[in-house]
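What follows is a set of notes on a single structure, which appears directly below.
The values are calculated or read from the model by the stated rules, or taken from the named source; none is laboratory data. Predicted model, so just to flag it, every value in this text is computed and none were measured. All Cβ positions, even for glycine, are placed from backbone atoms using ideal geometry, and neighbour counts span all protein chains on display. Please note that ligands, DNA and RNA were not included when accessible areas were found on the heavy atoms of the full protein model with its side chains. Shrake-Rupley method; radii C 1.70, N 1.55, O 1.52, S 1.80 Å.
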4 protein chains.
Amino acid sequence: MCAEGAHINVDESTAPEKFLGCKLVAIPAADGKLTAPQVKEKIQRIGDQHHPQAKVISISQASEYGTVYTIDELRALSAVAREHNMYFHMDGSRIANASVTLGKSFREFTRDAGVDVLSFGGTKNGLMFGEAIVFFRTELAANFMYTRKQGMQLASKMRFISAQFEALLTNDLWKRNATHTNKLARLLGDELTRIGLKVTQKVEANGVFAIFPAEIIEPLQKEYPFYVWVEKTNEVRLMCSWDSTEGEVKKFVNKVSELLG
Amino acid sequence: MCAEGAHINVDESTAPEKFLGCKLVAIPAADGKLTAPQVKEKIQRIGDQHHPQAKVISISQASEYGTVYTIDELRALSAVAREHNMYFHMDGSRIANASVTLGKSFREFTRDAGVDVLSFGGTKNGLMFGEAIVFFRTELAANFMYTRKQGMQLASKMRFISAQFEALLTNDLWKRNATHTNKLARLLGDELTRIGLKVTQKVEANGVFAIFPAEIIEPLQKEYPFYVWVEKTNEVRLMCSWDSTEGEVKKFVNKVSELLG
Amino acid sequence: MCAEGAHINVDESTAPEKFLGCKLVAIPAADGKLTAPQVKEKIQRIGDQHHPQAKVISISQASEYGTVYTIDELRALSAVAREHNMYFHMDGSRIANASVTLGKSFREFTRDAGVDVLSFGGTKNGLMFGEAIVFFRTELAANFMYTRKQGMQLASKMRFISAQFEALLTNDLWKRNATHTNKLARLLGDELTRIGLKVTQKVEANGVFAIFPAEIIEPLQKEYPFYVWVEKTNEVRLMCSWDSTEGEVKKFVNKVSELLG
Amino acid sequence: MCAEGAHINVDESTAPEKFLGCKLVAIPAADGKLTAPQVKEKIQRIGDQHHPQAKVISISQASEYGTVYTIDELRALSAVAREHNMYFHMDGSRIANASVTLGKSFREFTRDAGVDVLSFGGTKNGLMFGEAIVFFRTELAANFMYTRKQGMQLASKMRFISAQFEALLTNDLWKRNATHTNKLARLLGDELTRIGLKVTQKVEANGVFAIFPAEIIEPLQKEYPFYVWVEKTNEVRLMCSWDSTEGEVKKFVNKVSELLG
C-alpha cells in the first residue's frame, strides 16, 4: 500500500510488480502522505486465498509532494502495520531533508518510530550513485545479500558507493546539504507567494509545488527544466538541489515575475 | 486497465502481476462496467520510461456485477484501444449469459466489436474444468502455445477439456443453460423486489445483487452459501447456476421472507 | 538439482524458472535416478552471493526412465538434503507404480524416507485432471494456499478433482491400476527381448525403453503413438496405460515382429 | 546457451532466470569458449511446446578463462544463430582486451561478425560504474528503454555514467588501458611458466590461470586477493588491472617463487 503519487507507483515502470509479483494498492493522498485510517480501510479479505493479501505499507519521507510525516503520523502507521502483521517500509530518497525539517535524528523517525526497512537515499543530496538498504529487524535481512544480487543491484565496484556514503555521513555533510536545500525551497515558496502565485503544498523539503499560468510554463522550461506535475491544473514541481544557490532562486523568481508581466 | 471489482483485480491473488510483471490500473465502476472516457483519462505519460505504459483494456462480459456491455459500449472501448495502441481483452466467464441477454451471437459482440483476445469460459455454464483462449488477431497467438505451457495451463489430458467444450457448443447446450440461469436470476431479482428488498444492479446475467438486513445474513448463509459483496452496505451477491431450479429460487425467497418477519 | 532427463527440466517449458526464479542444475543420470554423491558434488560456493545457492533436490519416483528409487537410495538423498539445508521434493506422477514395485506403502518411501514435499499424481493412473501437493513438514505449507492461487493452480471447481482422488484412493483402486500397468510393462519388456530387441532400462513402472531399428519406427507410429526418446540411438519410450490390455501388448509385439521381418 | 563457466551462469545468482524466465543451457567448455557444433547439438525439440526453446547464444569476449574468440569462431556461432532463428549476444566485460588481442576494431568482431546485442563493459577497464548495451539490430531495442527501467538499471544520474564512457572512448584511453593489462598478463604468465608452474589457459586478455601447489595458496592470499577457480585441481585465477604495474607483477612472482622454496 502506498500513496497514489508514490515513486514506486508512478515512476518505477512496473519494476515492483515484475520483481516482487505484488500488487501496489495506490491510495489517493492530496498532500502525498498516507494516513493510518486510509491504510486500515484497505486491509481487506485477509485469509481469503483469492484476494491479494495486505503485507507492506510503503511511504516516502519526505513525500513526493515535499511534505514530511511527523513522528506521531509515523507511529500511527507502524501501529497499523504491527496490528495487521504487515511490514513498514520507508523510501528515504529525501530522508536528510526530512531529518532537518523534523529536527530529529534519523533514528528517531525510523527505527524508533517503527519502520522495518529503510531505503536511505543519497543521490538527491549530493551522491553520484547508490542507496543503502537498512533493516531494523535483522531477521528480515537474512537472505538480502542474495535478493540484492538476484535483483541486479550489486554493483561490481561497491567500494565507490561506500566511499560516497562515508563522505556524506562524515562531519554532517548530509545535514549541511539538506539544510541548504530546505532553506532554498522555503525561499522559493515564499517568493512565489509574494509575487502572487499559489503554492499548493507545505514546503518541508527541497521541493515547491505551485500553480503556474499555462502561458508561462513553456517559455520558462526553455531555461529551467522542471515537470508539470498535474496537467489539468498546471501544478508544477520545482526542486532545489544541494548545489543550487540563493542567487539562482532569485533569478528564477525574477524570470517568472517578468513572464507574468 | 480494468474495473476496480474486476475478477483479475480482486480474485486472482497477484497472479497477473507475478506472471505478466504488469500493473493493474483499477478504475471505480459502480455497475461493474468500464467506460471509454474513464479509460482515456487513465492513459498517461505515454513514452515516459519511468511510468507504466497503458497496454491492455480488460473487461468482463457479463461483468462481475451481472451487468452486460452493449455493443456500442464495446465499440467505444475498442476504439480507445485502437487509437492508443492498446489490446482489448474480454473475460468471458459468463459470455453465454451475455449472449442471451444481448440476443447476439458470440461473434457480434467479440470479434466484430473489436475484441482482440477472449477468454471463453465454461465452468459457470456447466463445465467441470477449462477455458478456451480465443485470439481474433492471429499474430497475437504466435507464441501462445509456449506461453500457455510456461504459465502452467497445459493440462496433461486436454482431450477431457475439449470434449466438454464440444458438448457445450453442440445443439446450443450453452444457450439453453444460459437462458435458464438468466431467467432464474430475473425471477430472483423480481421476487426480492416484490418482498421489499433493494436490488442494486440490473439483472442481466445469472447474478443478483441486493441489500439484505444484517440480521438475516448469517441465518441464511447456514442454508445457502453466498457472499457478502460489500461489507459496509450489506450488499450480497446471489448466483443462479445452470442446475438451479425455479423451485429452489422460490424456496429461497420464502426463507428470506420468513426471516424478514 | 534434478536428473538431466527430469520432467521439470525437459518437459515443463521454462515454467520452473519463470515462476520460481530458480536455476535447475541438471545432472546426467543414465537410468533416470540421481545419486547422493552426484548431488553432493554439485553443492558449490555456499554463502557466495554471486552464485546460485543449492536449495532443493527434486527427483521423480518412478523416474522418467521407468526406474524406481529404493528406500536406501532415497534415504541417502534425504541425508544430503538435511546436511546441506536443502529441501527434498518428489515428483510422484507415477508414485502408484513405484509403490507396487517396491511393495511399500506411500508413507514408507515418502515421509519416512525423508521427503519434504510430494506431488502426488493421478493422471497417469486413471484420473482426468489433478494432482495433490503433500507437505510432510507443515511449516512449508504455511503460505501454500496463496502460492497455489498465484501460480494459477486453484481450479474453480476443485470438488471435481477431489472426487477423483477419493475414488482413486478408495478400495485400492490406485493399486489395482498400477499393478495392472506394471505387469503389462514387464510383459512388453519380456516380449521385446524375446524377439531380439534391446530393452535399455529396468522395467520397474509402466514404461519400457528399447532400441528400435530406424526403419520400423515410422510405420509403427502410424498405428501406435509413442516418442523416440533419444534420436541418435533410436531409443524409444513405450508406455502402458491403466486401460491398456494384455491383448493390445501382444498385438503390438506381433506388429513389431512383423515389421522386423 | 552459454559456456558452463559463463558469468551469467555462475556469477549472477539466478538473476537471468528470475528476470527473463529463461533456462540457461550450460555447455562444458574447457577453454571458456563455445563452439558452433556444441551449440548446434543442443538445439533440440524445436516447436515442441513442452520443451524450452533455444533462442539465444550468449558468449563472453574475452571469455571467463581469458581466451579470445577469433572472428572465424564468432562467424561460425552467428551462422548457427541465424540458421536457427536465435539471437547472438556478446558479454563484452573485457571487450577492450579482446580488441587489442585480435588487433581489430570493436565493429569488426561485433556487428560485422554477426553479433546482435553487446554489453559493452567498462568497470574492468577503468570505469567506476556502468555498462552500455548496444543493439546492432534496431528493432530489438524497440522497448529496451522500458525493459531497462523495469529491470532497475536506469541510474538516477545517468550523466555520471555517460561521462565515464566519454572519457574511456576518447583518445583511445580504452586501448591504452587494455594494452597495458594484456601486456602485464602475458608477463605474469611467462614468469609463472619460467619458475615452473603450469599455466592452464592461453593468456589472451588480462587474466592468467595456473595450477598452484596447495600449500602456497593461503599464504599468498594473505597479501594478494585472488580466487581459486577450481578447488579440485588448485587452479587459480590471477587478474591484472588497468592500474597494476610491471613492478607489482614481478614482486608477486618473486613472492610465489619464495613460497615454492
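A quick yes/no check of all residues on (1) without any contact (Cβ under 8 Å) to a residue 40 or more places away in the chain; (2) under 23 Å from C:N125 (Cβ atoms):
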{"position": "C:E218", "(1), (2)": "yes, no"}
{"position": "C:Q221", "(1), (2)": "yes, no"}
{"position": "C:Y227", "(1), (2)": "yes, yes"}
{"position": "C:K232", "(1), (2)": "yes, no"}
{"position": "C:W242", "(1), (2)": "no, yes"}
{"position": "C:F252", "(1), (2)": "no, yes"}
{"position": "C:G261", "(1), (2)": "yes, no"}
| Every residue from segment C:131-147 that is open to solvent by 60 Å² or more (accessible area, probe 1.4 Å) and either in contact with a Leu (Cβ under 7 Å, 6 or more places away or on another chain) or aliphatic (A, V, I, L, M) (or both) | C:I133, C:A142, C:M145
| task | Tell me which residues, restricted to segment C:89-114, are in contact with a Phe, Trp or Tyr (Cβ under 9 Å, 6 or more places away or on another chain) and assigned to a strand (DSSP E or B). | result | C:M90, C:G92
| task | Could you please give the count of residues in segment B:16-32 that are more than 11 Å from every other protein chain (Cβ to nearest Cβ) and surrounded by 21 or more Cβ atoms within 10 Å (Cβ to Cβ)? | result | 1
| remark: For segment D:47-64 the number of residues that are open to solvent by 40 Å² or more (accessible area, probe 1.4 Å) and more than 11 Å from every other protein chain (Cβ to nearest Cβ) is 1
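Quick check on B:T14: is it under 17 Å from the mean Cα position of the chain (by Cα) and either in the same structural domain as B:V230 (by TED's automatic domain parsing) or not small (G, A, S) (or both)? Before you say what the answer is, go through the steps one by one.
Numbers: under 17 Å from the mean Cα position of the chain (by Cα): no; either in the same structural domain as B:V230 (by TED's automatic domain parsing) or not small (G, A, S) (or both): yes.
For B:T14, the condition - under 17 Å from the mean Cα position of the chain (by Cα) and either in the same structural domain as B:V230 (by TED's automatic domain parsing) or not small (G, A, S) (or both) - is not met.
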| request: Look through segment C:141-154, keep the residues that are farther than 17 Å from C:P16 by Cβ and outside any loop (DSSP other than H, G, I, E, B), and return whichever of them is farthest from the other protein chains (Cβ to nearest Cβ). | output: C:A141
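A quick yes/no check of all residues on (1) at the interface with chain C (Cβ under 9 Å from one of its Cβ atoms); (2) in contact with a Cys (Cβ under 7 Å, 6 or more places away or on another chain); (3) of a type outside the set (S, T, N, Q); (4) not in a helix (DSSP H, G or I):
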{"residue": "B:M128", "(1), (2), (3), (4)": "yes, no, yes, yes"}
{"residue": "B:I133", "(1), (2), (3), (4)": "no, no, yes, yes"}
{"residue": "B:S162", "(1), (2), (3), (4)": "no, no, no, no"}
{"residue": "B:E166", "(1), (2), (3), (4)": "no, no, yes, no"}
{"residue": "B:T170", "(1), (2), (3), (4)": "no, no, no, yes"}
{"residue": "B:N177", "(1), (2), (3), (4)": "no, no, no, no"}
| In the set B:K232, B:K255, B:K183, which member is at negative phi, at pLDDT below 95 and either over 17 Å from the mean Cα position of the chain (by Cα) or exposed (fewer than 13 other Cβ atoms within 10 Å of the Cβ) (or both)? | B:K232
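Which is more than 18 Å from D:T67 (Cβ to Cβ), in the same structural domain as D:P37 (by TED's automatic domain parsing) and buried (at least 18 other Cβ atoms within 10 Å of the Cβ), of D:G121, D:G126, D:G92? If you could, list the steps in order and put the result at the bottom.
Details: D:G121 fails: more than 18 Å from D:T67 (Cβ to Cβ); D:G92 fails: more than 18 Å from D:T67 (Cβ to Cβ).
Criteria check complete, one pass: D:G126.
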| request: Looking only at segment C:4-15, count how many residues are open to solvent by 20 Å² or more (accessible area, probe 1.4 Å), within 19 Å of B:N143 (Cβ to Cβ) and more than 8 Å from chain D (Cβ to nearest Cβ). | output: 0
| said: Anything in segment D:124-157 that is at pLDDT 95 or above and hydroxyl-bearing (S, T, Y)? List them, or say none. | reply: D:Y146, D:T147
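In this structure, does A:K157 turn out to be surrounded by 19 or more Cβ atoms within 10 Å (Cβ to Cβ) and within 14 Å of another protein chain (Cβ to nearest Cβ)? Give the steps one after another, and end with the answer.
Numbers: surrounded by 19 or more Cβ atoms within 10 Å (Cβ to Cβ): no; within 14 Å of another protein chain (Cβ to nearest Cβ): yes.
So A:K157 does not fit the description; no.
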| query | Which one of the conditions (1) in a loop (DSSP other than H, G, I, E, B); (2) in contact with a helix residue (DSSP H, G or I) (Cβ under 8 Å, 6 or more places away or on another chain); (3) not β-branched (V, I, T) does B:L238 fail to meet, given that it meets all the rest? | reply | (1)
| message | Go through segment B:14-33 and report how many residues are among the basic types (K, R) and closer than 15 Å to C:L20 by Cα. | response | 1
